[in-house]
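Novice: So that we are looking at the same thing, I have put the structure below in structure tokens.
The values are calculated or read from the model by the stated rules, or taken from the named source; none is laboratory data. Every value quoted in this text rests on a predicted model; they were computed, and no experiment measured them. A quick note on method: Cβ atoms are made from the backbone with ideal geometry, for glycine too, and the neighbour counts reach across all protein chains shown. These accessible areas exclude ligands, DNA and RNA; they are computed on the full protein's heavy atoms, side chains included. Shrake-Rupley method; radii C 1.70, N 1.55, O 1.52, S 1.80 Å.
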Amino acid sequence: MTTTLVDLFTSALQFHPGGDVRAVERQMTISDSGAWQIATFHVETDADVHADHWEMHPEAEEAVCCLTGGVRLYFRPDMPDGAEEMVQLRAGAAVIVPRGRWHRLELDAPSDLMSITLRNGTRLEKRTEAH
């Protein structure tokens, strides 16, 4: 049996059907691997978390975990004139984003974050002021 050491800030872990776990290049956009991905990353600015884009995962919920620092997670309104719903995360907190729910992040401070989801079908959309 081979033991593999993985740097979670440069690689992601994929959990495949059948029980295999693989260290892979971190991919924060669409994947068709059929595997759940755990990705951990250090972020310094809103640009690091694509704050100007909405993200959506149609095939699974996502756990967004704040390990250090602080972030605000916004949900896109369901109605055109609706307000964004915001959840504030401090170190040690997580939120479960429902399947198919558009969301985005903004930083309160430099942070270490972890994302856990099935990335199949993941979509990004540029945020407009209308949202």
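Novice: Any residue that is touching a Phe, Trp or Tyr at 6+ places or on another chain (Cβ under 6 Å), among the aliphatic types (A, V, I, L, M) and either open to solvent by 30 Å² or more (accessible area, probe 1.4 Å) or more than 22 Å from Leu5 (Cα to Cα) (or both) - is there at least one of those in the stretch 31-52?
Specialist: no
Novice: Please identify the pairs in which a residue from the stretch 16-29 that is surrounded by 13 or more Cβ atoms within 10 Å (Cβ to Cβ) and at pLDDT 90 or above has its Cβ atom under 7 Å from the Cβ atom of a residue that is among the aromatic types (Phe, Trp, Tyr) and not in a loop (DSSP other than H, G, I, E, B), counting only partners at least 6 apart or on another chain.
Specialist: From residues that are surrounded by 13 or more Cβ atoms within 10 Å (Cβ to Cβ) and at pLDDT 90 or above, the pairs are Val21/Phe15.
Novice: Same structure again: Determine the pairs where a residue that is among the aliphatic types (A, V, I, L, M), located within the stretch 46-73, has a partner that is open to solvent by 20 Å² or more (accessible area, probe 1.4 Å) and in a loop (DSSP other than H, G, I, E, B) with Cβ atoms under 6 Å apart, the partner being 6 or more residues away or on another chain.
Specialist: Short answer, once both residue conditions are applied: Met56/Trp102; Ala60/Arg99.
Novice: Consider the stretch 90-124. How many of its residues are open to solvent by 60 Å² or more (accessible area, probe 1.4 Å) and assigned to a strand (DSSP E or B)?
Specialist: Result for the stretch 90-124: 7.
Novice: Name the residue that is modelled with the lowest pLDDT, counting only residues in the stretch 32-61 that are within 14 Å of Ser115 (Cα to Cα) and small (Gly, Ala, Ser).
Specialist: Only one residue tops the list, namely Ala35.
Novice: Continuing with the same structure: Of all residues in the stretch 87-106, which are closer than 19 Å to Leu124 by Cα and either touching a Leu at 6+ places or on another chain (Cβ under 7 Å) or among the polar types (S, T, N, Q) (or both)?
Specialist: As a first pass, look at the stretch 87-106 and keep what is closer than 19 Å to Leu124 by Cα: 96-106.
His103, Leu105 - these are the residues of the stretch 87-106 that are closer than 19 Å to Leu124 by Cα and either touching a Leu at 6+ places or on another chain (Cβ under 7 Å) or among the polar types (S, T, N, Q) (or both).
Novice: What about Asp81, is it free of Cβ contacts under 8 Å to residues at least 12 places away in the same chain, of a type outside the set (Ser, Thr, Tyr) and farther than 17 Å from His103 by Cα?
Specialist: Numbers: free of Cβ contacts under 8 Å to residues at least 12 places away in the same chain: yes; of a type outside the set (Ser, Thr, Tyr): yes; farther than 17 Å from His103 by Cα: no.
It is false that Asp81 is free of Cβ contacts under 8 Å to residues at least 12 places away in the same chain, of a type outside the set (Ser, Thr, Tyr) and farther than 17 Å from His103 by Cα.
Novice: Same structure, new question: Any idea which of (1) open to solvent by less than 70 Å² (accessible area, probe 1.4 Å); (2) in contact with a strand residue (DSSP E or B) (Cβ under 6 Å, 6 or more places away or on another chain); (3) at pLDDT below 95 is the one Cys66 doesn't satisfy?
Specialist: So Cys66 meets the others, but not (3).
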